[in-house]
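We did not get these values from a lab; they are worked out from the coordinates using the rules stated. None of these values were measured; they are calculated from a predicted model. As a convention, Cβ positions derive from the backbone with ideal geometry for all residues, glycine included, and neighbour counts pool all protein chains shown.
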Amino acid sequence: MCNYCGSPREKYGHCLKCQNEICEDCAAPLTSRIFNRSKVHKAGHCWGFRYSQLLFEIKETSKSVCKQSKDTPTEEIACTVQQEIETWNIRDLEQITRNVDNLIFVLNAKIPDIESNKPIHDKINNINSLHDLGEVLGEILIIVSCIPTVTVREGDIYMGDIFKNINNATIINKSIVKDSFNKVEKEHGEEVAKALLQIGEFIENSGHLPAGILFDKFNEELNKNQPEKATLKKIWEGIETTLPTIATISEMIAKIAPLF
């Protein structure tokens, strides 16, 4: 039942008709602090004003967290969430419901599902059990505020000094390398995956564009469900031909030998 008029409600506590009326009356504080207090609803408080203020706080917090996370392991998560939230508009309840569902998907996809992140994942998954939009927005505000504390799995976005150069890569595609690291770590172990990153760092530091292009192709093949070892070997031989100095890190190359 709608918390205001008693009719069948939407997902978050009010039917769409009442929500739109509430927002028409008092969502203005998103852009102005002036609103008509005579239009406060019979429920005894202005839901639209409450929601507007919560959404404003979420947007401001997400901007701050994105800036705070710059050049840290959580930068990609924080700024992706900020971009997702920036377009939210409290006037459309159906759309805000879709927005919340999209955000839950993004958070679950971006935040590694490991023990240290269990509390924040519990909060994310708890959102679907809430039926009041104010409670949902309040929970999202807490989650966004906690993003800088997220533990990013080694190799997923950050690998200390090893991944520093790749994070700012111009020669190789850092996104492809991250994906292949995760797949290789799962299938071949952490040592092989770390060696792959170190090779990527070497190629990035060389500034050799042809080798970078070949390394991207190597990682694209690795990311396939069933990579062809013959293809990987051929691409690797091309890297060795175009960048002979890579032989100086033969120890790292030996570690990735099981890949091809």
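Extension gain for Asn205-Asn89 works out to 37.3 nm (0.36 nm per residue, less the C-alpha to C-alpha distance).
For a 21 Å ceiling on Cα separation, which of these pairs sit above it: Lys118/Lys255; Lys194/Lys255; Lys59/Lys123; Lys178/Lys217; Lys110/Lys174? Spell out each step's value before the answer.
Numbers: Lys118/Lys255 33 Å; Lys194/Lys255 9 Å; Lys59/Lys123 19 Å; Lys178/Lys217 14 Å; Lys110/Lys174 16 Å.
Beyond 21 Å: Lys118/Lys255.
Projecting label points 7 angstrom from Cα along Cα→Cβ for Asp179 and Ser250 puts them 3.4 nm apart. Shape class for segment 160-259: rounded, because the ratio a/c of the largest to smallest gyration tensor axis (alpha-carbon atoms, square roots of eigenvalues) is under 1.5. Given +1 at the Cβ of Lys and Arg, -1 at the Cβ of Asp and Glu and no other charges, the dipole of segment 160-259 around its Cα centre is 160 debye to the nearest 20. Sparsely packed loop sites in segment 169-251 (the trypsin sites (Lys or Arg not before Pro) outside DSSP H, G, I, E and B with at most 14 other Cβ atoms within 10 Å) comprise Lys224. Each of Cys66, Cys79, Cys146 was scored by other Cβ atoms within 10 Å of its Cβ. Listed from fewest to most, they are Cys146, Cys79, Cys66.
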